[in-house]
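Notes follow once the structure below has been shown.
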Amino acid sequence: MLGLLAVFAVGAYATYHYGFADGPLVDAVITQTVIRGPFDHIVIEQGEIESSSNVDVICQVKSQGSGTSGTPILWVIDEGTYVKAGDKLVELDASALENQLKTQRIAVSGAEAMVISSDAAVRTSEIALQEYLEGTFMSERKAILSEIDVAQQELLTTELKLASAERMAAKGMFNKRQVQAEGFAVSNAKNVLEDAQSRLGILERLTKEKFKVQFESDIEAAKAKLKADASVLAEEEDKLRDLQDQITKCIMLSPVEGVVVHNNQYSSRGGSAEFVVEEGAMVRERQTIIKLPDPTKMQVKASINEQNITLIAEGMAAKIKVNAVDGDMLARIKRVNKYPEPSSYFSSSVKKYTTFVEILSPANAIRTGMTAEVRIFVRQIPDAVQIPVHGIYEYKRHHFALRKNADGWETVAIKIGATNDKMVTIEEGLTEGDLIGLNPRQHLDLLELPEVDEVSDRDRLAEIGADAGTPS
């Protein structure tokens with residue numbers, strides 16, 4: 001139908017300019033018959049093919065400091081290569097990590113030596129306590145007990161001597177001094193016994209406890225140092241294992257089967273490349289290097305102009321056209337972003353809203369990154385009266401058309417409905433078969449526009465601004 005309309009328009013245009021010998025008819029009106037038929041309200045935008053299910057191959061090598069920009073790529077597989085799970089994809093430069101690994105091994109050895117020394121100190125302290133309790137203390141105790149036994153024996157002997165001296169003195173055989181001497185000997189023996197007994201009590205109650213506390217304190221201190229050294233060793237070993245793991249992660253393998261897509265990134269300020277996956281490129285931690293898209297789950301990422309975004313809703317039907325594929329692919333609106341894409345200094349002020357269109361049966365020939373035309377079917381009317389958009393004249397927010405009648409041309413007020421870039425549906429004012437003019441703006445002398453009330457909000461504006469202050 002649209003093809004026939006185009007042929008008709010070209011013919012009318014040719015007749016208008018070249019059909020008469022005297023030259024073009026300046027006042028000729030290009031006409032078109034009002035038709036009735038199916039009408040599709042379509043929004044057409046451009047987009048890019050991508051997979052809705054991607055396996056991202058992410059750099060897991062940690063940054064080596066705040067001053068570094070990342071890890072260099074030594075080798076990367078070519079884009080478009082078909083890989084299987086376990087195939088090598090990327091090799092990162094691990095030389096700096098290997099140097100750190102050598103230094104870390106030395107640190108681990110030093111920490112191990114400290115743990116061994118601290119463990120020996122704990123054992124030495126425990127042995128010292130055992131040595132004192134079972135050796136030194138027992139020896140000193142037995143020595144004092146021996147002294148007590150000797151002192152008791154000496155006391156008993158001196159007491160017997162004193163008693164004998166007292167009997168002898170009673171018979172006149174010892175004088176008073178001899179008796180006193182024996183008495184002093186008894187007192188001295190008692191003092192020696194009491195001293196030994198006192199030292200035994202101090203040894204058992206105080207000295208033993210003092211040395212026990214001291215040795216136990218040495219043991220606890222040695223254990224604390226052993227624990228600290230063991231913690232340092234564990235930390236150093238963790239660093240060693242982490243470095244070994246980081247070196248392993250410098251070789252990145254494919255987790256699944258798929259086709260390799262390099263995750264090149266481009267600036268929004270003019271399209272220049274911010275990151276290109278190639279040998280020598282610097283990769284940051286958690287940065288995606290390669291994508292492995294699922295070819296059975298493809299979609300189109302399209303940017304919808306702000307003037308059309310309110311027409312688009314999730315679930316709407318769509319058709320996808322890709323130059324590499326014959327025919328169209330059926331699709332469905334999957335998601336419409338609520339916020340516009342960030343604009344740059346070089347972009348226009350018109351906002352764009354990203355919309356994701358799911359391809360229901362993707363063709364095998366399509367690839368990520370291909371440009372696609374998206375035709376979104378906003379509304380489908382099975383039977384609608386419609387005319388070309390060029391047949392409408394808008395005046396004070398009202399719409400009019402030029403209709404041919406027996407006497408010439410008449411101006412008809414119409415009510416329009418759904419529209420697209422070529423046709424517009426007519427809800428009131430025209431019927432199928434009417435002949436209308438397609439260029440009313442070029443024939444304003446034929447238009448008889450009625451007096452219509454233009455919507456005015458001057459009174460409302462005056463009411464809103466009635467309490468406004470005076471500008472300073």
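The values are calculated or read from the model by the stated rules, or taken from the named source; none is laboratory data. Remember, predicted model here, so these are calculated numbers, not experimental data. Every residue, glycine among them, receives a Cβ derived from its backbone with ideal geometry; neighbour counts consider all protein chains shown. The accessibility values were calculated without ligands, DNA or RNA, using every heavy atom of the protein model including side chains. Shrake-Rupley method; radii C 1.70, N 1.55, O 1.52, S 1.80 Å.
See the values below:
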item	result
Breaking point among (1) more than 30 Å from S231 (Cα to Cα); (2) surrounded by 13 or more Cβ atoms within 10 Å (Cβ to Cβ), for Q60	(1)
Residue tally, condition surrounded by 16 or more Cβ atoms within 10 Å (Cβ to Cβ) and either outside any helix (DSSP H, G or I) or acidic (D, E) (or both), over region 131-158	3
Residues that are within 18 Å of T354 (Cβ to Cβ) and open to solvent by 50 Å² or more (accessible area, probe 1.4 Å), drawn from region 38-49	I44, Q46, E48
Qualifying position, being touching a Pro at 6+ places or on another chain (Cβ under 6 Å) and surrounded by 15 or more Cβ atoms within 10 Å (Cβ to Cβ), among L446, L402, L430	L402
Residue within region 218-226 that is hydrophobic (A, V, I, L, M, F, W, C) and closer than 30 Å to E285 by Cα present	no
Condition check for K208: under 30 Å from G135 (Cβ atoms) and basic (K, R)	yes
Qualifying residue in region 262-285 (condition: more than 30 Å from A128 (Cβ to Cβ), touching a helix residue (DSSP H, G or I) at 6+ places or on another chain (Cβ under 8 Å) and open to solvent by less than 70 Å² (accessible area, probe 1.4 Å))	no
Flag if M173 is open to solvent by 80 Å² or more (accessible area, probe 1.4 Å) and in contact (Cβ under 8 Å) with a residue 12 or more places away in the chain	no
Selection from region 396-437 of residues that are over 25 Å from I42 (Cβ atoms) and hydroxyl-bearing (S, T, Y)	T411
Any hit, region 295-316, residues being without any contact (Cβ under 8 Å) to a residue 60 or more places away in the chain, assigned to a strand (DSSP E or B) and either open to solvent by 50 Å² or more (accessible area, probe 1.4 Å) or touching an Asp or Glu at 6+ places or on another chain (Cβ under 8 Å) (or both)	no
Odd one out for A228 among (1) aliphatic (A, V, I, L, M); (2) under 30 Å from S343 (Cβ atoms); (3) surrounded by 12 or more Cβ atoms within 10 Å (Cβ to Cβ)	(2)
Conditions (1) under 23 Å from P295 (Cβ atoms); (2) surrounded by 13 or more Cβ atoms within 10 Å (Cβ to Cβ); number of the one not met by I392	(1)
Which listed residue is open to solvent by 80 Å² or more (accessible area, probe 1.4 Å) and touching a strand residue (DSSP E or B) at 6+ places or on another chain (Cβ under 9 Å), from L74, L92	L74
Options V378, V452: the member that is open to solvent by less than 80 Å² (accessible area, probe 1.4 Å), among the β-branched types (V, I, T), in contact (Cβ under 8 Å) with a residue 24 or more places away in the chain and part of a loop (DSSP other than H, G, I, E, B)	V452
